[in-house]
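Reviewing the structure listed below.
The values are calculated or read from the model by the stated rules, or taken from the named source; none is laboratory data. Remember, it's a predicted structure, so these values are computed and weren't measured experimentally. Using ideal geometry, Cβ is built from the backbone for each residue, glycine included, and neighbour counts are taken over all protein chains shown. These area figures cover heavy atoms from the full protein model, side chains too; ligands, DNA and RNA do not enter into them. Shrake-Rupley method; radii C 1.70, N 1.55, O 1.52, S 1.80 Å.
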Amino acid sequence: MKNFTIITLGCPKNTVDSRHLIEALKREGFFYVEEFKKADFILINTCCFIGDAKEESVEEILTAAKFKADRILIVFGCLSKRYGDELKREIPEIDAIFGVDENIGIINYMRKFKEEKVESGNNADYTVEPKSYRYLKIAEGCSRKCSFCIIPDIRGKFRSITPESIIKEAEEFVRAGIKELILVAQDITQYGKDLKGYTLKELLRDLSQINGDFWIRLLYLYPSDIDEKLIQVIAEVEKIVKYLDIPMQHSEERILRLMGRRGTRKDYLRKIRQMREAIPGVTLRSTFIVGFPTETEAEFQSLVDFIEEVQFERLGVFKYSREEGTKAYYLKGQVPETVKQRRYDEVMSRQAIISLEKNRTLLGKKYEALIDYIDADMAIGRLYCHAPEIDGVLILEDTGSLKAGEKIKVLITEAYEYDLKGVITQ
Ligand code: SF4
């Protein structure tokens, strides 16, 4: 038995973990296959960040269990780390369960079956990620104590990955023709806190020295840890796309304190002003939680005012999800689901208007675009202001001889709430 396939759920960090596992398994002589039917092993990398993510993971496991026949079903990642025993009990078709960072255990387990059947895979290129971009994980875990979040329990304390290994991986990607490196961690502003005198700023400068035509994108900056020097590096280094994803979660001090988060509305507004001044054209993205325990209607309305005032180019909203084992789980004053839904809908509909207005300002302008996929009769790409799998996309109807992974100049011709349309230009 040698063929395996992998289903990855959840965040970009899971995508990176799956990639590393695939590479390690290939080195061990296993073959990656895309088709479920051809696989001897089905691996599912699960997520349990919030209720919806858990449900999606469980549904995937159930589907795999239904069609597994004599295949080996292995479940790993965040959900199995947290609910391993329950999963095994409820879904007996699962053959093995592993948590996070357990590649060696998974490989050893799979080795036991390896010689049982003649090989049939061809180890084609790993095609789970497109040709244009790669996630580059720069740290593991998180040492913050946000009261709604289970991640530190699952993924452990924050540990920076060494600059040498990040740079080596980045060089390999650039050499392979990848045009966008997306730096991810639970919170990249903490990078280097456990290294001597080497911080995110040094890492960004070093990565930008790699020869080649590529973008660097930064995902997840903790708002109160963005300092002037970091803003300056982002503004100065050309390869860094002027797009910042800064989860703020709320604007009101009482709720932020209950969430165990630092900063205040005033600090956030000041930082946003600094960023907009220092980085012209910057796209700001943030995420907010509505319906956190005890959130009053007035506090929610203040949050809406904050969002209106800032006019984020991109915004994600989550309804508070009560996670067992977190501090917030035990808070009195849980908000009813109907209220959460109404608050969620209100923010989403306000943001749809802001988003459309922001997208319209791009009309008639020229930008560099990166092509992610070519579909039958259209090309799907992105501008600097789109993070893959998170934001909208750029659609080009005339594909010509375009290839995935190519960078081109485009003129924006149509703007919608999330997506843009454009044509190739000089
Ligand atoms: S910063 Fe807060 S929300 Fe983000 S992973 Fe760490 S504890 Fe969770």
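List of remarks:
- Calculated from backbone phi, Karplus (6.51, -1.76, 1.60) coupling profile of region 230-241 in Hz, x at Gly/Pro: 5, 4, 5, 4, 4, 5, 7, 7, 4, 5, 6, 5
- Remark: accessible surface ordering of Phe148, Phe306 (largest first) is Phe148, Phe306, probe radius 1.4 Å.
- With all protein chains in place and ligands, DNA and RNA left out, the 1.4 Å accessible area ranks Phe30, Phe98 as Phe98, Phe30, largest first.
- Residue among Gly400, Leu331, Gln426 farthest towards the positive dipole end of region 315-426, charges placed on Cβ: Leu331
- The chain pair-distance distribution - Cα-Cα, 20 Å bins, rounded %: 24, 57, 19, 0
- Ranking by accessible area, most exposed first, for Arg343, Arg273, Arg205 with a 1.4 Å probe: Arg273, Arg205, Arg343
- With all protein chains kept in place, the per residue accessible area of region 319-426 amounts to 53 square angstrom at a probe of 1.4 angstrom.
- For the chain, built as a Gaussian network whose Cα springs stay under 10 Å, the top-fluctuating residue of Pro280, Pro130, Pro152: Pro280
- The residue list Thr264, Ile240, Cys385 was ranked by how far each Cα lies along the charge dipole of the chain toward its positive end, using unit charges on Cβ atoms, and Thr264 comes out on top.
- Dipole in debye (nearest 20) - region 3-114, about Cα centre, beta carbon charges: Lys, Arg +1; Asp, Glu -1: 400
- Contact order, relative form, for the chain: 11 percent (alpha carbon pairs under 8 Å, 6 or more residues apart, mean separation divided by residue count).
- For region 16-48, the set of GluC sites (Glu not before Pro) satisfying both a DSSP loop assignment and a count of at most 16 other C-beta atoms within 10 Å is given as Glu28, Glu34, Glu35.
- Looking at region 3-114, the accessible area is 44 square angstrom per residue; that uses a 1.4 Å probe and ignores ligands, DNA and RNA.
- For the listed residue pairs Lys131/Lys239; Lys13/Lys68; Lys358/Lys403; Lys168/Lys193, the alpha carbons are over 23 angstrom apart in Lys13/Lys68; Lys358/Lys403.
- If you take the Cα centroid of region 1-65 and the Cα centroid of region 336-397, the two points sit 28 Å apart.
- Highest-fluctuation residue, Val58, Val290, Val184 considered, GNM on the chain with Cα pairs under 10 Å: Val58
- Ranking Leu195, Val347, Phe76 by how far each Cα lies toward the positive end of the dipole of the chain (charges on Cβ) leaves Leu195 at the top.
- Rg in Å to one decimal, and Dmax rounded to a whole Å, for region 133-360 via C-alpha atoms: 18.3, 55
- Relative contact order (%) - region 3-114, alpha-carbon pairs under 8 angstrom, separation at least six: 25
- Region 133-360, dipole about Cα centre (Lys/Arg Cβ +1, Asp/Glu Cβ -1), debye to the nearest 20: 300
- By accessible area, using a 1.4 Å probe on protein heavy atoms only, the chain has 51% of its surface on carbon and sulfur.
- For the chain, a crude dipole built from +1 on the beta carbon of Lys and Arg and -1 on the beta carbon of Asp and Glu, taken about the Cα centre, is about 1040 debye to the nearest 20.
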